[in-house]
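Below: the structure, in structure tokens.
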Amino acid sequence: MRSSLAFFVAMGSIVTLGDAQCFTALREPEWPQKGCMMNGKIYPFGRTEKTEMCYTCYCNKYALQCCSAMIHPPHYDEEKCKVIFKRKSCDYDVVQKDDPSKECSFVVRMG
């Protein structure tokens with residue numbers, strides 16, 4: 001339990017400080033011999049395309065390395081619109097607060 005708390009604190013710090021939203025967790029002694037563990041779920045050695053928390057991860061005998069598989073929401077009018085996150089597809093919709101059936105226009109910045 002202590003190691004899980006330390007993992008989440010470290011993950012939160014790294015994700016907050018990094019632009020790419022990536023983190024690395026060194027292997028814990030209680031992790032299974034043939035994989036890595038995150039949020040109570042075992043991920044086998046190799047690449048995992050998408051976790052339940054929308055990360056692309058790579059597990060090896062030394063660490064678990066993950067990066068966000070989600071694109072950041074674009075710039076939009078925060079007074080009139082809101083972001084609805086769709087966990088199943090790791091995507092989002094930008095919709096009007098007053099009428100969520102209507103999409104909002106937004107600006108995408110590259111670079």
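The values are calculated or read from the model by the stated rules, or taken from the named source; none is laboratory data. Note that this is a predicted model, so its numbers are computed, not measured. Cβ: placed from backbone, ideal geometry, glycine included. Neighbour counts: every protein chain shown.
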Handout entry: Qualifying residues in segment 70-90 (those that are within 18 Å of C57 (Cβ to Cβ) and surrounded by 13 or more Cβ atoms within 10 Å (Cβ to Cβ)) - the one modelled with the highest pLDDT
Key = C90
Problem - Subset of segment 43-55 that is out of contact with any Ser or Thr (no Cβ under 8 Å at 6 or more places or on another chain) and at pLDDT 90 or above - its residue that is surrounded by the most Cβ atoms within 10 Å (Cβ to Cβ) - result: F45
Exercise for the section: For segment 12-22, state whether one or more residues are modelled with pLDDT of 90 or more, surrounded by 14 or more Cβ atoms within 10 Å (Cβ to Cβ) and outside the structural domain of C90 (by TED's automatic domain parsing). Expected result: yes
Problem - In segment 44-59, the residues that are over 21 Å from D93 (Cβ atoms) and without any contact (Cβ under 8 Å) to a residue 24 or more places away in the chain - result: P44, F45, G46, R47, T48, E49, T51, T56, C57, Y58
Completion exercise
By residue number, the members of segment 87-105 that are among the small types (G, A, S) and either in the same structural domain as Y55 (by TED's automatic domain parsing) or within 24 Å of the chain's Cα centre (by Cα) (or both) are S89
Problem - Pairs where the first residue, in segment 93-111, is assigned to a loop (DSSP other than H, G, I, E, B) and among the basic types (K, R) and the second is surrounded by 10 or more Cβ atoms within 10 Å (Cβ to Cβ) and modelled with pLDDT of 90 or more, C-beta under 6 Å, 6+ apart - result: K97/K82; K102/Q96
Practice task
Check off (1) in the same structural domain as Q33 (by TED's automatic domain parsing); (2) of a type outside the set (K, R); (3) part of a strand (DSSP E or B) for I84 and give me the number that stays unchecked.
Solution key: (1)
Practice task
Could you tell me which residue of segment 56-69 is modelled with the highest pLDDT, considering only residues that are more than 30 Å from Q96 (Cβ to Cβ) and hydroxyl-bearing (S, T, Y)?
Solution key: Y58
Exercise for the section: Look at G46 and say whether it is small (G, A, S), more than 16 Å from F23 (Cβ to Cβ) and touching a Pro at 6+ places or on another chain (Cβ under 7 Å). Expected result: no
